[in-house]
Amino acid sequence: MTTTELLQSLNWRYATKDFDPQKKISTCTWQAIEQSMVLTPSSFGLQPWKFITVTDPKIKKAMLDHSWNQHQVVDCSHMVVLCAKSSVTDTDIDTWVDRLAEIRQVDKESLNEYAGMMRGFISHMDEAATLTWAKHQVYIALGQLMATAAVLDIDACPMEGIIPTEYDKLIGTEGSGYLTTVACAMGYRSTDDKYAELAKVRYAPDQVLGSI
């Protein structure tokens, strides 16, 4: 992909309001999108999240009442719910260190200093602060998801206008330690979506970019 093609993809994307319910994302394409979510970077690599994809029409219909009646929820091909881990414990850190040692084929003891740094970071936050940190990580994943979709010519609409606690009940995460944070409807735009052709409005580069 050239720099021109990248910018064309990012200019092409918009927060799709009307999806074509007849058009579905292919299995192959969706698997690539899922892998892009798995590859999202996170603080310390701890990945304090879970991503739930909803394609069941009955569940999507039930979600509508808890989404300000935004029909993207039911008309999209795939509805992704991004959840943040409500707490991070020493056990979570040990699990991550075990995975790190396994994949990189190093002794776990060689990672003791890194593990200690992570424990020190987490220990300075109460539960509310930890959840806030985890939610910030989830938004990194949302950005990666949307950029990936744009590159693959998949339409997306990030959605904060939802009732997270009701989503948790519908997707089965209630009481699991993962809390709905934000959602993203994905699929293909309808030819009737009036927003598709509107000019993208952004501040001039010199108003948002700087250098030292």
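Read-outs: derived from the displayed coordinates by stated rules, not from any lab. Just so it is clear, the structure is predicted and the values come from calculations on it, not from any experiment. As a convention, Cβ positions derive from the backbone with ideal geometry for all residues, glycine included, and neighbour counts pool all protein chains shown.
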37 °C / 0.692 mPa s Stokes-Einstein diffusion coefficient of the range 19-127, Kirkwood radius on C-alpha pairs, µm²/s: 195 µm²/s
Of 157, 198, 208, farthest towards positive along the dipole that unit charges on Lys, Arg, Asp, Glu beta carbons give the chain: 198
HN-Hα couplings for the range 121-136 via Karplus (6.51, -1.76, 1.60; θ = phi - 60°), in whole Hz with x for Gly/Pro, come out as 4, 5, 5, 8, 10, 7, 4, 5, 5, 5, 5, 4, 4, 5, 5, 4
May I ask you to evaluate 6.51 cos²θ - 1.76 cosθ + 1.60, the Karplus curve with θ = phi - 60°, for each residue of the range 189-194 and list the ³J(HN,Hα) values in order in whole Hz, giving x for glycine and proline? 4, 7, 5, 8, 6, 5
Amide H neighbours of residue 182 at under 5 Å, excluding residues fewer than 5 places away on the same chain, with H built from the backbone geometry, are 82
Residue 77 long-range amide H proximity, modeled H, under 5 Å: 186, 187, 188
Amide hydrogen neighbours beyond the local backbone of residue 196, cut-off 5 Å, H modeled: none
Roughly what would the spin-label model give for residue 3 and residue 117, points 7 Å off Cα along C-beta, in nm? 3.2 nm
How large is the convex hull of the C-alpha atoms of the range 1-64 per residue, in Å³? 162 Å³
Would you mind estimating how fast the range 12-193 diffuses translationally, via Stokes-Einstein at 4 °C and 1.567 mPa s with the Kirkwood radius over Cα pairs, in µm²/s? 74 µm²/s
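What are the semi-axes of the equivalent ellipsoid of the range 102-182, taken as the square roots of 5 times the eigenvalues of the Cα gyration tensor, listed largest first and rounded to whole Å?
Rounded to whole Å, the semi-axes are 30, 21, 13.
Rounding to the nearest 20 debye, state how big the charge dipole of the range 40-127 is about its Cα centre with +1 on each Lys and Arg Cβ and -1 on each Asp and Glu Cβ. Intermediate values should be presented prior to the final figure.
Numbers: 9 positive and 13 negative charges, 94 e Å.
For this selection, approximately 460 debye.
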Output ³J(HN,Hα) for the range 93-101: one whole-Hz value per residue in order, computed from phi by the Karplus curve 6.51 cos²θ - 1.76 cosθ + 1.60 with θ = phi - 60°, and x for Gly and Pro. 5, 4, 4, 5, 5, 4, 5, 4, 5
